[in-house]
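The next block holds one structure in the form of structure tokens; read it before the comments.
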Amino acid sequence: STMRERKTTDPLHSSTDLSEGKEKLRLKQEVGLISSVSLIAGTMIGSGIFMSPEWVLHHMGNPASSLLIWAACGLLATFGALSYAELGTIIKESGGEYIYILRIFGSFPAFLFAYTSVILVRPAGLAAVCLSFAEYAIAPFYPGCSSPQVAIKCTAAACILILTIINCLNVRLATSVMNIFTAAKLLALLVIVVGGLVLLAKGQTQSFQNGFQGTTAGIGAVGVAFYQGLWSYDGWNNLNYVTEELKKPEVTLPRALMIAIPLVTCLYLLVNVSYLAAMNPSELLSSGAVAVTWGDKVLGSWAWLMSLSVALSTFGSSNGTFFSGGRVCYIAAREGHMPDILSMAHVRCLTPSPALLFTSAMSLIMIISGSFTSIVNFFSFMAWLFYGMTISGLLYLKIKKPELPRSYKVPIIIPIIVLMAAVYLVLAPIIDQPQIEILYIVLFIFSGIIFYFPLVRFKYHPHFLQRVTLHLQLLLEVAPTTRDAN
């Protein structure tokens, strides 16, 4: 059938049903500690740190409180990641929030997450990052004027196609690209940090005098400032999407998180200090692209390095988003929540190529239509809605099923703090400034009911889809896969 039936009764205790004496196709465990750190740091450091500081400052009203928001965002990302690390050692399957919601709360909420994530959230996030890559990549070819939209969209589409080829060919090639680009963007951030320290040593500390003067105290404004900061930290949960491909996941997962997220948090704080050393708050607020303005002020004739750095950074981030986003689609199909063809892997490359091609196609549609801007603006609203649900699942397991084997335990106060933050981040913008787009998002999430009951619950599968699946299987050279025996 085109949608595969899976047992979901007490799945935390059930074992994978493997056929006797038959060789099974599965994804390789090729992601080690260095690649894991690169995946997290490389996805987190995208366009956000080069673009968001002005918006955090705008909503908070002064430099000191904006730095507190950046530190708080890093702490929240760390707490969230530590909570996910425990979930990853209890449920040793790829798929991130999707697989955790499925195993803890059941099929229906997991389907709604997969439906929203695969069709909307992941492709929109990827399209947005690729468009920001395109803007910086072609800006030098149009000096003194804005780049034409056609050129930006074509470059972004080319970026997605290149990423598709890299990720479909080889997992090791994709992780190597991640490692190289992560090293490049860390180098770019270090240049900004060192430049800032030199300016501070020269006594440029005007921005930090009376640092808390004019702080915004509104509940909604603080929530939106958090959204802007957390957009830059997004990706802290990406390693949980590829758990089955990690070498020794019970060791690698928590260790990589504890290296990558504090590293990124420290860099973000130092980079913000550097921006404020080079520019006063009004200059920073009027800057269209903070890193480029910083480059003009500090690097002089070498300012073009900043544009190049942002382009490299966004390309590396989009690779990480694509790598993990394709896995959500693949795992959801393997569990019977998406067409069966998306759960298959290439017989030679051992990559989930149909899922990657589908994610690529959805992202290209969003780039061509260009109507996803409002969706991306509310990306954080949707993300924290599902993060909150996932964290509440962890609290349920800690209280109701403490006997489950786990190699890592997070103190219960940490997921409680993350859950409270998630509730605040979801409710604050609705209470303070309700917007019609949030209603559209909620309606889209629940529109999944139309597909869930006929296709998943009652397993209505048109016969022609079976023939389509067979032809696609032959065309793409793919075969069904099994879960890791862990």
Helix runs (DSSP H) in the chain reaching 27 Å along axis by Cα, Kyte-Doolittle at least 0.5: 63-90, 149-169, 171-201, 249-278, 304-334, 379-400, 413-432
Residue-level accessible surface for LEU455, protein heavy atoms, 1.4 Å, Å²: 50 Å²
Relative contact order %, the chain, counting alpha carbon pairs below 8 Å whose residues are six or more apart: 35 percent
Protein accessible area in the chain, 1.4 Å probe - carbon and sulfur %: 66 percent
Residue-normalised accessible area of the chain, expressed per residue, 1.4 Å probe, Å²: 42 Å²
Entries of LYS185/LYS247; LYS92/LYS247; LYS92/LYS400 with Cα pairs more than 21 Å apart: LYS185/LYS247
In sequence order, calculated HN-Hα J values of region 450-459 (Karplus, 6.51, -1.76, 1.60; Hz; x Gly/Pro): 4, 8, 4, 5, x, 8, 9, 5, 9, 6
Length added when fully stretched, LEU200-PHE444, from 0.36 nm per residue minus Cα-Cα: 83.0 nm
Taking only Cα atoms of region 378-459, radius of gyration then Dmax in Å: 16.4, 45
Alpha-carbon Debye profile of the chain, log10 I(q)/I(0) at 0.06, 0.08, 0.11 Å⁻¹: -0.26, -0.47, -0.90
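The values are calculated or read from the model by the stated rules, or taken from the named source; none is laboratory data. From a predicted model like this one, the values you see are computed outputs, not experimental measurements. Just the protein is used for accessible areas: all its heavy atoms, side chains included, with ligands, DNA and RNA removed. Shrake-Rupley method; radii C 1.70, N 1.55, O 1.52, S 1.80 Å.
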